[in-house]
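> First the structure, then my questions, so here it is.
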Amino acid sequence: MRSRTRIAAALLLALSFTSPASAQEPIKFARTPDISPDGKLIAFSYLGDIWTVEAIGGVARPVTMHEAHDVNPVFSPDGKWLAFSSNRHGQYDVFVAPAVGGRPRRLTFDSAPDMVTGWSPDGKAVVFSSSRGTEFPANLNCYTVPFDGGTETKLPLFEGKEAHLSPVGGYVAFVRGPGTWYRRGYRGSSNDDIWVGNLDGTSQKQLTTFDGQDGSPMWAPDGRKMYYVTEQGSKPGCANIVAQNLGPGGVAEGGYLRLTTHDDDTVRRARVSANGEWIVYECGADLWVVGTRLGSAPRKLAIEVNADDKSNTERSVTFTRDATEFALHPEETAAVVTVQGELFLVKLPDGGKATRLTESPAFDHAASFSPDGRTVVFLSDRTGQEEIYLLEADDPEHSEFTRAHKFKVKRLTTSVEGELGPTFSPKGDRIAFLRSGKLWTMKPDGTDQKVLVNETQVFDYDWSPDGSMVVFARMDGSFASELYIVPTDGSSPPKNITRYATYNADVSWSKTGNRVGFIGQRRGLYAPCVLNLQKPGTPGAAGEIDWDDIHLRVDRAAGMAAESVAISPNGSQIAFRHTNSGDDLWVANSNGSSVTRVTTSGQAPKYMRWSRKSSGLIYFLNGSGELRSVRAPGTFASLVGGSVATEPNRVGFQAKMTVRRDEEFAEMFVQCWRALSDSFYDSKHHGADWASVRSRFQPLVGHVAQREDLYALVSLMLGELNASHLGISGKLPTPDEWTADLGLIFDDSYRGPGLKVAEVLKHGPADKRGLNIKPGDVVLSIDRVDLTAKVNVSQLLNNKTGEGVLLDVTSDVKDPKAKRRVEVIGASRDRVSQLMYERWVRQNADAVSKASGGKLGYIHIPSMDDAGLEVFVRSLYSDHFDKDAVVIDVRYNGGGFTHDQVLNYLSGKEHTFFRQRDGGEGLVLRSYDRKWTKPVVVMANNRSYSDAEIFPHAFRALGLGKVVGQATGGFVIGTTSTRLIDGSTFRLPRTGVFTNKGVNMEKQGVVPDVAVEITPDDWARGRDTQLLKAVEVVSDDVRDWKAKKTGIAAGGPAPAPVPPPTPVGNNSGAAPRTPPTPAPMPKGITAPGTPREPEGRIPLAE
């Protein structure tokens, strides 16, 4: 009790005698704290380093100082050491360092992230979580690694992702569930709960049953009380710390008691001192300490940090690539490129030193020249909103834009909605742009702004050559888009020129030739198409349109999928990006008579622009952000100049600028906030005051020095929405070394010597003729290194993918003569993970077959996309079409967009039977028309996300069968993504999903007809009770279905033979012609690429 009294007194003195005027401003956004065993010292992560400070606050001292990101410090039981995670080698590894500072020592070496969660009670091992396992279903797992280094040991926990060992009794508390750490207010099955069990994996019991987030389990010193963080009993979205008494075996006794009462923010990570007297935790932007004695008042820590920057916050960078957009000057003597949110002028065709046009911390982009080349219109978020600006020369000595050294910027719009895609008319008298999904125009000085197309969902457009008309693409509520033409004077309403309501977009109008090029979805293929504006015959005047049956004058220029297209100036050719056989540029004749691959080196072309000055020349940006040009075949210039270059010409540029970290981070934060302000599917932001959210979080950007912490800060802002399909990713380190896999499943309970083989993975690297490795064999060494407890296996397998790995294997560790040496070629984790998934599917299929006597089929759909659809169709038709029923499993399915296609295959009704003379009977005349007409049961769980939730909901709503398993999590929003100024990717949930009864599926998961939970005992025995219950349910449905069938459908007697009927469509007396060979089942349609992702099918995947 003395230590508690001393700390309380010290806190009082600190509060009484510290002068705010003389003190440095306390830090914000210190993260992942821990408290020393005696409660006197706090460790935390700040600016990417580990620091310690007295529990009363004050000036912190560094424990680590490294350019990498250090996080999750945890004191050893004796308080002398700190274990932490650091990405010094690209991924997060476990390190230990003296608590007073010193050189850290690395304990883990795997290419998967290893995140520290605690220590063993004796201090001889560090506990951590890792995603290194290749098993399916994929989970985080908990491990220990010796303090002195060596072999990691996996803890046998049922889906445990964060383990905390009890100081006494050999118990472990662990967090189980797919919950999201930063999401506030979530209620549903995809939450986290706390479980308690024996350290050997037995007697695992659920401690918390709240349907919101429970986390940070903390043991009292005697093991008879558990502290943890929960929203239960608090204001929604505000978690607090509670204390729960425990009985024998870690079972809860009585109710919990609250230790904190925060109702304006939420408690996150919390840690208790080993003496059980104090808890440190994150809440809001600060660290807090609270005593465990009831009535103890929480105190916010005032912490000062005196730190230099570990690396330069300003970098002088010369970019020679990484351009994200470009615009050609009308004379094609130069181009404006966008690099890192700034505009640069690049000379053509030779490139060279680029002239900087804009200099602002904001994101300047989407440049477009005026027809006379004297001004550039562009977008910028300098005011916090995307507005249109005009850029022109401001150099008395060089008035020509391409020769000027000084430029001035004028703001043209002041709308609160924000604008997109500004371009000048061909005459330069108007500027067109998009605002709130409508097409607007204005004068070049920003005046006379008016709506041209007053209907929303316009997302693409182009001017006619004379500027008298605009062709635009507009999408309906079902994501179908059509092309329309409207006169710019508003004299008549828009006219639909495609009348093919699938997908029509990425439109460009030829400067001569009266043709429009676009991507059109025809017969399932997103192909380059050309629409002739005039009827065949003598060409009319430019701009003259024959409206009669215009929609029938569409030619598919190539029978290939296109990601983006651009029609040539004379309309005779169309360039397109095709990705199915290498990501390259292709050119087709508009009438489809010729298709040629123009590049062959995987250029990934985008922003393709045809030259108007040099016949057949095409400019584009490649996947590396380099400006390239290439000559199209079949043009006069290509014939005169010889063969077409296989390697496109590179317009080398040097764009020099200073990248300031603080400005870049501030801009990234604003981009994220604004993207959700403008695009989140719910304009009320799930009840969050979005402007207030910005004011709370934006000041914290100044306390962030590394991208990892910025991503965490943005994630916390996202958590205010209580929504799924959110996230920021992209620009983080990758492992220096990748850990290979041998395709051997080892016995985790075996304690040596070596590693005992439990199973050889089918089709894996060790499943080869001549190796003869069998279950029960023991691997004694890897590459001549004996596998003792002091050896780290991941370290031996790093950089071994595709290389030979020598294994000493024995069938009897006591018999030296039984040892033999074999060589296994290491495989990537991704490859082995796929094989583990296939193993899981085989095991489930075998279990269904065994339980049903071979009468039922099993299909797991891994994803609701084209690849998953192909798996489903192939399995349904080839493996199970003769079965009485099928079990369709969408557990662990991340979602997509194919629910309707899957349902279409399952919703057939028997109406007519076709029986062939020589045998064979079916319901259709063409194989691709086949439908499943027999019973089906669908399985789902709390890791069936998004479109894998829509599917079971719709399956049941259509009366197709029952749903078995767990309730889904309620993670259903249509999403797309956008690019931030630094190249990071940010997700945008844009489309809400509601049932026909008005239920928002983002707020309520799909509840199964038959609920089944898999228990830890079931898991330990390898028994899938959900699967077995699904077999039982559908078997009952089969009995009912058979009882109701009559006639041929019931397998009754066949009617008397009759002459074969004349095939439909043959009305003559001649012998029936042989029907054409049916086309094979399609393998799925390649989804639209990035240029049309926001406007095309919005994926529903989490």
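The values are calculated or read from the model by the stated rules, or taken from the named source; none is laboratory data. These figures come from a predicted structure and were not determined experimentally. A quick note on method: Cβ atoms are made from the backbone with ideal geometry, for glycine too, and the neighbour counts reach across all protein chains shown.
> For segment 936-951, how many residues meet the condition of being buried (at least 24 other Cβ atoms within 10 Å of the Cβ) and closer than 14 Å to residue 1034 by Cβ?
3
> Moving on to the next point. Among the candidates 101, 123, 79, 118, which residue alone is buried (at least 24 other Cβ atoms within 10 Å of the Cβ) and farther than 30 Å from residue 762 by Cα?
118
> Being farther than 26 Å from residue 87 by Cα and of a type in the set (D, E, K, R) is the filter here, so list the residues in segment 694-753 that pass it.
Within segment 694-753, 694, 696, 720, 747, 748, 751 meet the criteria.
> Can you tell me which of 958, 923 is over 17 Å from residue 858 (Cα atoms), in the same structural domain as residue 852 (by TED's automatic domain parsing) and in contact with a His (Cβ under 9 Å, 6 or more places away or on another chain)?
After ruling out the rest, the residue left standing is 923.
> For the subset of segment 268-303 comprising residues that are under 37 Å from the mean Cα position of the chain (by Cα) and among the charged types (D, E, K, R), which member is surrounded by the fewest Cβ atoms within 10 Å (Cβ to Cβ)?
300
> With modelled with pLDDT under 95 and either of a type in the set (D, E, K, R) or farther than 30 Å from residue 380 by Cβ (or both) as the only criterion, which of 302, 307 stands out?
Residue meeting the stated conditions: 307.
> Does residue 311 fit the bill of being assigned to a loop (DSSP other than H, G, I, E, B) and in the same structural domain as residue 33 (by TED's automatic domain parsing)?
The answer is no for residue 311.
> Please list, ordered by first then second residue, the pairs with beta carbon atoms under 6 Å, 6 or more apart or interchain, first in segment 271-286 and assigned by TED's automatic domain parsing to the domain that holds residue 183, second of a type in the set (Lys, Arg) and not in a strand (DSSP E or B).
Close Cβ pairs satisfying both conditions: 277/4; 285/28.
> Now for a different question. Here are 650, 674: which of them is closer than 30 Å to residue 311 by Cα, modelled with pLDDT of 95 or more and either surrounded by 15 or more Cβ atoms within 10 Å (Cβ to Cβ) or not aromatic (Phe, Trp, Tyr) (or both)?
Criteria check complete, one pass: 674.
> Continuing with the same structure: How many residues, within segment 800-828, are part of a loop (DSSP other than H, G, I, E, B) and free of Cβ contacts under 8 Å to residues at least 12 places away in the same chain?
Looking only at that region, the number is 3.
> Among 559, 520, which is within 29 Å of residue 602 (Cβ to Cβ), under 31 Å from the mean Cα position of the chain (by Cα) and part of a strand (DSSP E or B)?
Of 559, 520, the one residue that is within 29 Å of residue 602 (Cβ to Cβ), under 31 Å from the mean Cα position of the chain (by Cα) and part of a strand (DSSP E or B) is 520.
> Also, quick follow-up: Hey, residue 334 hits all of (1) on the phi > 0 side of the Ramachandran plot; (2) in contact with a helix residue (DSSP H, G or I) (Cβ under 9 Å, 6 or more places away or on another chain); (3) buried (at least 19 other Cβ atoms within 10 Å of the Cβ) but one; which does it fall short on?
Result: residue 334 fails condition (1) only.
> Return the residues of segment 717-735 that are touching a Ser or Thr at 6+ places or on another chain (Cβ under 8 Å), surrounded by fewer than 22 Cβ atoms within 10 Å (Cβ to Cβ) and in a loop (DSSP other than H, G, I, E, B); say none if nothing qualifies.
Selection gives 727, 730, 731, 735.
> Let me ask something else about it. In this structure, does residue 634 turn out to be surrounded by fewer than 13 Cβ atoms within 10 Å (Cβ to Cβ), on the phi > 0 side of the Ramachandran plot and either at pLDDT below 95 or touching a Gly at 6+ places or on another chain (Cβ under 6 Å) (or both)?
Criteria not met by residue 634.
> Here's something else I'd like to know. Here are the criteria: (1) surrounded by fewer than 18 Cβ atoms within 10 Å (Cβ to Cβ); (2) touching a Phe, Trp or Tyr at 6+ places or on another chain (Cβ under 7 Å); (3) polar (S, T, N, Q). Tell me which single one residue 130 does not satisfy.
(1)
> Looking only at segment 881-931, count every residue that is within 38 Å of the chain's Cα centre (by Cα), not in a helix (DSSP H, G or I) and not charged (D, E, K, R) and tell me the total.
Qualifying residue count for the region: 15.
> Shifting gears a bit: Kindly list the number of the only condition in (1) under 30 Å from residue 351 (Cβ atoms); (2) in contact with a Gly (Cβ under 8 Å, 6 or more places away or on another chain); (3) surrounded by fewer than 24 Cβ atoms within 10 Å (Cβ to Cβ) that fails for residue 568.
(3)
> Across segment 39-54, which residue is nearest to residue 304 (Cα to Cα) among those that are of a type in the set (A, V, I, L, M) and crowded, with 24+ Cβ neighbours inside 10 Å?
Among those residues, the one meeting the criterion is 53.
> Next question, about the same structure. Whether any residue in segment 835-846 is surrounded by 18 or more Cβ atoms within 10 Å (Cβ to Cβ), of a type outside the set (A, V, I, L, M) and assigned to a loop (DSSP other than H, G, I, E, B) is what I want to check.
no
> Any idea which of 841, 760 is of a type in the set (A, V, I, L, M, F, W, C), touching a residue at least 12 places away in the same chain (Cβ under 8 Å) and not assigned by TED's automatic domain parsing to the domain that holds residue 1033?
760
> Go through 903, 876, 869 for me and flag whichever is in contact with a strand residue (DSSP E or B) (Cβ under 7 Å, 6 or more places away or on another chain), at negative phi and touching a residue at least 12 places away in the same chain (Cβ under 8 Å).
From the options 903, 876, 869, the qualifying one is 876.
> Which residues, counting only those in segment 1006-1025, are in a helix (DSSP H, G or I) and in contact with a helix residue (DSSP H, G or I) (Cβ under 9 Å, 6 or more places away or on another chain)?
1018, 1025, listed by residue number.
> How many of the residues making up segment 368-386 are buried (at least 19 other Cβ atoms within 10 Å of the Cβ) and under 29 Å from the mean Cα position of the chain (by Cα)?
4
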